[in-house]
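**Q** The following block contains the structure, expressed as structure tokens.
A short reminder: the numbers here are calculations on the coordinates, not readings from a lab. This one's a predicted model, so the numbers in the text were calculated from it and none came from an experiment. Neighbour counts run over all protein chains shown; Cβ positions are idealised from the backbone, glycine included.
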Amino acid sequence: NLELEPEFLSDGIAGKRRAARRGAEDEASAAANVAGEQEPPASEARTGKCYVRISGRVVNSGVCQISRKGGAVVFQYSGQTLTLSPARGKAWSAALGGKNLGNVYKSGSCWGSKSTYICDRG
């Protein structure tokens, strides 16, 4: 059929419009994926895997409850409550059972300092 143009000839303005439309659809799809990965509501605790090391001793490497309350992240495991609260700048304050463990710094899904290391492993 002679009416069909090779694709490279029809890629002028219409081709650019199609590419722009595809790009917008890809961005919308990516935004929807990010929205689907948001944290659960603040009052809901979820069961996850936690890793907690304090002063060189692993105190938990398994199942725990993780919740968010007013910006803080709370890990509950083996009758213990570990709270990470935003402090100044990039620092978070860590407390285990009300005892201050000092500042930790967030990297990905973990918080750490020289003596303390905590990870939310999902």
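**Q** Residues of segment 81-98 with backbone nitrogen within less than 16 Å of a virtual label 7 Å along the Cα-to-Cβ line of Ser113, please, listed as ranges.
**A** It comes to 82-98, nothing else.
**Q** Assigning unit charges at the beta carbon (Lys, Arg +1; Asp, Glu -1) and nothing else, what dipole magnitude in debye, to the nearest 20, does segment 46-120 show about its Cα centre?
**A** It comes to approximately 120 debye.
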